[in-house]
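Peer 1: Attaching a single structure in structure tokens format; questions to follow.
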Amino acid sequence: MSLRDVLSPYTAWKHLFEAPVTIKDPIGREAAERYRGFHQNDLSKCIGCGSCEDICQNAAIDMVPVSDPKTGDSGLRPMIDYGRCCWCALCVDVCMTGSLTMSNEYTWVDSDPDAFRFTPGVDLKSWDAEEKGYKRENNERRLTGTHRPEMGMLEPEARIASFGEIVHGYTRAEAVIEADRCVECGLCVATCPAHMDIPDYIRKVREGDYEGGLKLLYETNPFSQTCGRVCTHACETACAAVHEGDAIAIRWLKRDITDNVPRERYFDLISKPDVPETGKKVAIVGAGPGGLTTAFDLARAGNEVVVFEALPKPGGMMRYGIPEYRLPYDVLDHEISVIEKMGVDIRCNQRIGTDITLDQLKKDHDAVVLSLGLNQGRSTRVPGSEEAESAIDLLRRITAGDKVPVPKQVAIIGGGNVAMDIARSMARLQRQKHGEVGVTVTALEDFDHFLADDEEVEEAREEGCVIYDARGPQEIVVKSGKVAGLRTWKCKAIFDAEGRFAPKYDASDEMVHPAQMVVEAIGQSADISLLGAELTEKLEWNRGRIRIDQNGRTSEPWLWAAGDLVSGPDVIHAVADGHRVAKSVSAMLQATRETH
Amino acid sequence: MMFNLKTDRSQYPQPGPDGKLEIDLETGKYLKLWQGPNHPGITGNMSVELTVCGDEVVAGKTHVGYLHRGFEKLMERRSFIQVFPIVCRVCVPEPDFNEYCYAAAVEELAGIKVPELANWMRTLILEMGRFNSYMMFLGGISGALGLGVVGQWMTYVRDLMLDRFEELTGARIYHMFILPGGVRGHLPDGFAGRMEEVLRTAEKYLADVEKVMFRNAVYKRRTKGIGVIDPKLFEPYGVTGPNARAGGVAKDLRKDAPYLVYNELDFEVQTGKDSDIHTRVDVRYRDIHQSIALIRQILQKMPKDGPVMAKIPNVLHWQIPRGETYIKGESSRGEYGYYLVTDGSGYPRRINVRGPSYTHAMALLEHLIPGTNISDVAQLMVSLHTYPPEIER
Amino acid sequence: MMKDLIAKLKKHYKLTEPDYRRADLTFVTAQKDELRSLLIALRDIEGFTHLVLLTAVDWLEEGLFQLTYMLNNRAANRTLALRVMIPRANAVGDTIHDLWPTAETYQRELREMFGIDFPGSPRVNDEFILEGWTDMPPYRRDFDSLAYSLQTYRERPGRVTHDPREHMKKALYPDQKPEAAK
Ligand code: SF4
Ligand code: SF4
Ligand code: SF4
């Protein structure tokens, strides 16, 4: 033992007069910039999807009602129990909107334990506006996917050469990636008119259980193949994923299920339920999505259902309005054959008023459902418009295989999806006949307020259509009895101060679009002449529309109305209507059965 | 030895025919003495049940279970992301090993490749954690010997490192920063500079420790030649880390089975010869300096930019195919590892945490205790550097 | 190197197809009655002197416990994990405390947490972590830890949560479920 070893420890004394290193009053000590302290929630951003609750392994979060639910927002907000929270910030990382963050505040003393259970953003706290605290790096959501795989499509060159289907559908790998992104919050379900079980069937895609998925689809929608292709997918606007990145491709995933079940398997999977025959008979007028959905439901409930269709084939606007390159006919045929398998008797070429009367239907059946499509085009009524073609009529003739005139130059009036449909259909026909495309679309709206879907516009352009925005039709130029062009003025405003339709034009900005055919695609209406004068007189009306109750029943107890006629041109709305009407008809039939 | 008094061993228990000691408490010759679960000479919440005869310990049994939280079972009921906030809690002083091992195990079975920068960050964090764990160790061993001031200094230095943890990870103790797929963020601006200040302060205090502890006659007397582990015991008793290195076996997974970016770093395995308490502390003391050097090296060599997170599946329904793996690393106490078994579902089938204390504080300690003096049990225990939560998880 | 070793071992022992997880980590299933001699061969001839861990995995659905004996050869940087499958009912393993004294602790834990007995292992029936535990061994898959905690601890009163989808349905379209739906 050396003397040094005895003395050396005394060097510790040199610290004797140093200032203490301890913090005197730690309450209020500011934490680091990234510190994970008490939560903050931006209520206007939060959509109440509950992903934060799902991920919390401590079950510290409850979703509590704070505001009324609306599209894409459940109105619920996370309430946090700090007796459980472990400050892991997984809730912040997973948050679908970035609304949930953390402040760097952590020193808070209170003798009431319940004070430590509150709803950030609702129960105001001093740190609500604190900039410092844990945020996701670059505000990136990394725990769930943000972008959808790109959908495989035909190249424009290949597209324009035929009416073949453009969209390939996802590969299995793509479908799995896309289905994986869904957080199963179910916000979209409320927005879907038919309230399809979206998160559940997306799960089926993930699990690869396509047959189970198909059964689930048919519980709410007998037109899933169609909707999987052409649905207006309002659900996707309500999707939780839309706030940071792409909405889940709900429509494509639905299609993925329908594409992956072999056609013959449909008939085994969607079998008619074993219910006793009711002995009741229902007539349905119009074999569109609404009418056929009603027929599907009522037939499955044991009723005898006959569908009367004026055109040669069933499907309504799905067949005669939507071009084949978006919805191939064989898909539709197969879809309808599943419905027929339920015992639905579809009689085509049966025009009401001509081939059979409504009175007759009423006599032979216990209930009649009118499910009429919007099959009449509206006219611009500009000079020369009597020489114009109607888009909807033209589309029908193309589908029917009629010979339609295909001039080298076609001008189209309108900027909605129907305008794009006819533009692209005519482009294909021109390409077949002349080897080149000569379609000009003139829309009243400017590109910032365009009506057609973006991808429709983009694809039409890729296919060679020329699109002018903010052009108002003034005249269809007719020379020696033949259409020679379309004269348009620049449109400065569409609506007046009161919001009424009253377009204003700049006459100095005039264009004449040379064309040997002008097509009007500015809206459709239903042909209600088939009701006949007597019934028209008897029915109650509301601003030109048949007055119905919320279940589609008219003022006549035996008559219901559904489909585009009542809710506008959209397959999924028609399906939802169809279900509602079927339910209402069923209830009436049930009631009469019980009283007799 | 200064006082080499002969002891009359006749009063000590004699082994029976089966080689086991026969201890009859009724004779009044023996006393049961509990060290812990609350005792300054115990690391964490555990206790050693000593049987003493005079001031000599004739038998010892380790008791754990004071903070069993059933972590491994809990994890089987958590999705793969939900396990992440739990793992760090298995070990307070050096939580990051749990985060790393778990994340790496999940990544391996799920087939995820972690970005390079994330591996550097992970290495940095593990070295920072090692440093802090050693700070607690130095405080503990000095405390066990009544040198309270070293404990105070080390607590201070550890706190400075916790400040760096706080600014980097957002938390001081349970960092929850190494996420399956990478790490949660980049270095804050100016981090290296502030880290350098901490390291300099640490070096200053460590120099004081050198003077106050290592050059302390009492300390030397009470640690040299005491608590010797025969290197022959290393394999039978699963001894790893500094405990083995102090006995001349250069076991260090950073070299033996390089993980993360250790292959790209210059360092040497610190070893000693005597395998006693003094050497074990000395090896760790040198390892602290090595960690300091490694932290400097990492900060200097790591890529300046790049992603820190790989793309991972939607964590809310993350399923991992059936498989099993074992990920290990060299913690401040020795081999730390996670054995993960998956069954294709969204939950782990089994997670087993392999902590070095499991062997060191149980079978090994019980083997070393007989024949020691009561007053040496504390520093013997502490010198093994064990943390009970690893034992009972 | 692992492939060679396995090929060599296969000459004398029944082993299943190995899972070469990484260059330095292999899993293989061995026969229970050959375990001991395998372990000795690995330890004394092949340099696998370090028992990394010994634990169990409960394959409840298959009625089996998997015992995992993980061995490491430090010089070669190779880890070999031997799996031994034993029936869950009256589960008994062979003690290896005489090969690695530290195995005693593992076996005590397995006895307590999984109910796997290791006759002859010192103090195998001593309480290890649990004290006064009377329920089934808690690390078995069929021990329901959630039910246990619900029984044992009190939930904080007043907590209610809402499922977004159900909540929206109730508020926006309470009874609109189509006819065909279940
Ligand atoms: S995850 Fe975000 S958006 Fe969704 S409920 Fe929680 S805080 Fe709101
Ligand atoms: S920080 Fe972690 S524990 Fe706390 S509420 Fe969020 S997810 Fe739950
Ligand atoms: S599709 Fe979108 S809104 Fe619907 S459940 Fe999935 S994430 Fe939620």
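Peer 1: Please find, among B:Asn314, B:Asn352, the residue that is buried (at least 19 other Cβ atoms within 10 Å of the Cβ) and touching a residue at least 24 places away in the same chain (Cβ under 8 Å).
Peer 2: So the residue among B:Asn314, B:Asn352 that is buried (at least 19 other Cβ atoms within 10 Å of the Cβ) and touching a residue at least 24 places away in the same chain (Cβ under 8 Å) is B:Asn352.
For (1) farther than 29 Å from B:Asp163 by Cα; (2) away from ligand 1 (no atom under 16 Å from the Cβ), each residue gets a yes or a no:
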position	(1), (2)
A:Tyr10	yes, yes
A:Lys24	no, yes
A:Leu43	yes, no
A:Asn58	no, no
A:Ser74	yes, no
A:Cys85	no, no
A:Val92	no, no
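Peer 1: Can you name every residue in region A:180-196 that is under 22 Å from A:Asp259 (Cα atoms), more than 11 Å from the chain's Cα centre (by Cα) and either surrounded by fewer than 24 Cβ atoms within 10 Å (Cβ to Cβ) or not assigned by TED's automatic domain parsing to the domain that holds A:Ala249 (or both)?
Peer 2: A:Asp180, the sole residue that qualifies.
Peer 1: Okay, next question. Return a yes/no flag: does region A:81-100 have any residue that is of a type in the set (Gly, Ala, Ser), open to solvent by less than 40 Å² (accessible area, probe 1.4 Å), in contact (Cβ under 8 Å) with a residue 40 or more places away in the chain and away from chain B (no Cβ under 11 Å). Write out each step before concluding.
Peer 2: If we filter region A:81-100 for residues that are of a type in the set (Gly, Ala, Ser), which is where we start, we get A:83, A:89, A:98-99.
Next, only the ones that are open to solvent by less than 40 Å² (accessible area, probe 1.4 Å) stay: A:89, A:98-99.
Remaining after also requiring in contact (Cβ under 8 Å) with a residue 40 or more places away in the chain: A:89, A:98-99.
Remaining after also requiring away from chain B (no Cβ under 11 Å): A:98-99.
Yes, that holds for at least one residue.
Peer 1: Return the total of residues in region A:22-42 being within 16 Å of ligand 2 (Cβ to nearest atom) and either over 59 Å from the mean Cα position of the chain (by Cα) or away from every other protein chain (no Cβ under 11 Å) (or both).
Peer 2: Counting residues in region A:22-42 that are within 16 Å of ligand 2 (Cβ to nearest atom) and either over 59 Å from the mean Cα position of the chain (by Cα) or away from every other protein chain (no Cβ under 11 Å) (or both) gives 5.
Peer 1: If you take the residues in region A:105-122 that are of a type outside the set (A, V, I, L, M, F, W, C) and open to solvent by less than 10 Å² (accessible area, probe 1.4 Å), which one is nearest to ligand 1 (Cβ to nearest atom)?
Peer 2: Here the answer is A:Pro120.
Peer 1: Moving on. Name the residues in region B:188-235 that are among the polar types (S, T, N, Q) and either open to solvent by 40 Å² or more (accessible area, probe 1.4 Å) or closer than 30 Å to B:Ser375 by Cα (or both), would you?
Peer 2: Within region B:188-235, B:Asn216, B:Thr223 qualify.
Peer 1: Condition test on B:Ile178, is it in contact with a helix residue (DSSP H, G or I) (Cβ under 9 Å, 6 or more places away or on another chain), more than 10 Å from chain A (Cβ to nearest Cβ) and either crowded, with 21+ Cβ neighbours inside 10 Å or on the phi > 0 side of the Ramachandran plot (or both)?
Peer 2: When the stated conditions are applied, B:Ile178 passes them.
Peer 1: Could you check A:Lys45 against (1) open to solvent by 50 Å² or more (accessible area, probe 1.4 Å); (2) within 14 Å of chain B (Cβ to nearest Cβ) and say which number it fails?
Peer 2: A:Lys45 satisfies every listed condition except (2).
Peer 1: Kindly evaluate A:Pro473 against the criterion of being surrounded by fewer than 18 Cβ atoms within 10 Å (Cβ to Cβ) and in contact with a Leu (Cβ under 7 Å, 6 or more places away or on another chain).
Peer 2: Judged against the criteria, A:Pro473 is not a match.
Peer 1: Still on this structure: Looking only at region C:32-44, decide whether some residue is in a loop (DSSP other than H, G, I, E, B), more than 25 Å from C:Asp126 (Cα to Cα) and out of contact with any strand residue (DSSP E or B) (no Cβ under 6 Å at 6 or more places or on another chain).
Peer 2: Checked against the condition, which is being in a loop (DSSP other than H, G, I, E, B), more than 25 Å from C:Asp126 (Cα to Cα) and out of contact with any strand residue (DSSP E or B) (no Cβ under 6 Å at 6 or more places or on another chain), region C:32-44 yields no hits at all.
Peer 1: Hey, can you tell me all the residues within region B:82-105 that are more than 16 Å from A:Cys88 (Cβ to Cβ) and part of a helix (DSSP H, G or I)?
Peer 2: Listed by number, the residues that qualify are B:Phe97, B:Tyr100, B:Cys101, B:Ala104, B:Ala105.
Peer 1: Somewhere in region B:150-158, is a residue surrounded by fewer than 23 Cβ atoms within 10 Å (Cβ to Cβ) and either over 30 Å from B:His39 (Cα atoms) or in contact with a Phe, Trp or Tyr (Cβ under 6 Å, 6 or more places away or on another chain) (or both)?
Peer 2: no
Peer 1: Could you count how many residues in region C:11-30 are more than 13 Å from chain B (Cβ to nearest Cβ) and surrounded by 14 or more Cβ atoms within 10 Å (Cβ to Cβ)?
Peer 2: Our first condition is that a residue be more than 13 Å from chain B (Cβ to nearest Cβ); within region C:11-30, this holds for C:11-17, C:30.
Restricting the remaining residues to those that are surrounded by 14 or more Cβ atoms within 10 Å (Cβ to Cβ) gives C:13, C:15, C:30.
Counting residues in region C:11-30 that are more than 13 Å from chain B (Cβ to nearest Cβ) and surrounded by 14 or more Cβ atoms within 10 Å (Cβ to Cβ) gives 3.
Peer 1: Can you tell me which residues in region B:284-307 are touching an Asp or Glu at 6+ places or on another chain (Cβ under 8 Å) and open to solvent by less than 10 Å² (accessible area, probe 1.4 Å)?
Peer 2: B:Ser291, B:Ile292, B:Leu294, B:Ile295, B:Ile298
Peer 1: On the basis of being among the basic types (Lys, Arg), buried (at least 24 other Cβ atoms within 10 Å of the Cβ) and away from ligand 3 (no atom under 16 Å from the Cβ), does A:Arg36 make the cut?
Peer 2: It is true that A:Arg36 is among the basic types (Lys, Arg), buried (at least 24 other Cβ atoms within 10 Å of the Cβ) and away from ligand 3 (no atom under 16 Å from the Cβ).
Peer 1: Can I ask one more? Show me the helices (runs of 4 or more DSSP H) found entirely inside region C:101-182 where at least 2 residues are over 20 Å from B:Arg69 (Cα atoms) and touching a helix residue (DSSP H, G or I) at 6+ places or on another chain (Cβ under 6 Å). Don't jump to the end; show me each part of the working.
Peer 2: On the way: elements: C:103-114, C:145-152, C:164-172.
Qualifying helices (runs of 4 or more DSSP H): C:164-172.
Peer 1: Output the number of the condition that A:Asp54 fails; it satisfies all remaining conditions of (1) surrounded by fewer than 22 Cβ atoms within 10 Å (Cβ to Cβ); (2) charged (D, E, K, R); (3) more than 12 Å from chain B (Cβ to nearest Cβ).
Peer 2: Of everything listed in (1) surrounded by fewer than 22 Cβ atoms within 10 Å (Cβ to Cβ); (2) charged (D, E, K, R); (3) more than 12 Å from chain B (Cβ to nearest Cβ), A:Asp54 misses just condition (3).
Peer 1: Something else: Would you mind stating whether A:Gly28 is on the phi > 0 side of the Ramachandran plot, in contact (Cβ under 8 Å) with a residue 24 or more places away in the chain and within 12 Å of ligand 1 (Cβ to nearest atom)?
Peer 2: For A:Gly28, the condition - on the phi > 0 side of the Ramachandran plot, in contact (Cβ under 8 Å) with a residue 24 or more places away in the chain and within 12 Å of ligand 1 (Cβ to nearest atom) - is not met.
Peer 1: Now for a different question. Please give the number of the condition B:Gln319 fails out of (1) buried (at least 19 other Cβ atoms within 10 Å of the Cβ); (2) under 30 Å from A:Ala240 (Cα atoms).
Peer 2: Going through the list (1) buried (at least 19 other Cβ atoms within 10 Å of the Cβ); (2) under 30 Å from A:Ala240 (Cα atoms), B:Gln319 breaks only (1).
Peer 1: Can I ask one more? Return the pairs, sorted by first residue and then second, in which the second residue is among the small types (Gly, Ala, Ser) and part of a strand (DSSP E or B), the first residue lies in region C:70-83 and is closer than 16 Å to C:Leu15 by Cα, the beta carbons are less than 6 Å apart, and the residues are 6+ apart or on different chains.
Peer 2: C:Met70/C:Ala81; C:Leu82/C:Ala30
Peer 1: Further, regarding this structure: Can you tell me which residues in region A:82-120 are over 33 Å from the mean Cα position of the chain (by Cα) and near ligand 2 (Cβ under 10 Å from one of its atoms)?
Peer 2: Hits for region A:82-120 are A:Tyr82, A:Arg84, A:Cys85, A:Cys86, A:Trp87, A:Cys88, A:Ala89, A:Met102.
Peer 1: Residues to consider are B:Arg130, B:Arg158, B:Arg184, B:Arg122; find the one that is touching a strand residue (DSSP E or B) at 6+ places or on another chain (Cβ under 9 Å), among the charged types (D, E, K, R) and within 14 Å of another protein chain (Cβ to nearest Cβ).
Peer 2: Residue meeting the stated conditions: B:Arg184.
Peer 1: Being touching a residue at least 12 places away in the same chain (Cβ under 8 Å) and either within 14 Å of chain B (Cβ to nearest Cβ) or farther than 23 Å from A:Gly133 by Cβ (or both) is true for just one of A:Ala12, A:Ala59, A:Ala19. Which residue is that? Quick ask: steps written out before the conclusion?
Peer 2: Values: A:Ala12 fails: touching a residue at least 12 places away in the same chain (Cβ under 8 Å); A:Ala19 fails: touching a residue at least 12 places away in the same chain (Cβ under 8 Å).
The conditions single out A:Ala59.
Peer 1: Mind telling me which of the residues B:Asp266, B:Asp305 ends up being within 14 Å of chain A (Cβ to nearest Cβ), touching a residue at least 24 places away in the same chain (Cβ under 8 Å) and part of a loop (DSSP other than H, G, I, E, B)? Before you say what the answer is, go through the steps one by one.
Peer 2: Values: B:Asp266 fails: within 14 Å of chain A (Cβ to nearest Cβ).
It is B:Asp305.
Peer 1: Return the residues of region A:143-179 that are within 13 Å of another protein chain (Cβ to nearest Cβ) and either surrounded by 21 or more Cβ atoms within 10 Å (Cβ to Cβ) or among the β-branched types (Val, Ile, Thr) (or both); say none if nothing qualifies.
Peer 2: If the condition is that a residue be within 13 Å of another protein chain (Cβ to nearest Cβ) and either surrounded by 21 or more Cβ atoms within 10 Å (Cβ to Cβ) or among the β-branched types (Val, Ile, Thr) (or both), then A:Leu143, A:Thr144, A:Gly145, A:Thr146, A:Val176, A:Ile177, A:Glu178, A:Ala179 are the ones that fit.
The values are calculated or read from the model by the stated rules, or taken from the named source; none is laboratory data. Computed from a predicted structure; not experimentally measured. Here the Cβ is made from the backbone with ideal geometry for all residues, glycine too, and neighbour counts use every protein chain on show. To get the accessible areas, we keep the full protein, side chains included, count just its heavy atoms, and leave off ligands, DNA and RNA. Shrake-Rupley method; radii C 1.70, N 1.55, O 1.52, S 1.80 Å.
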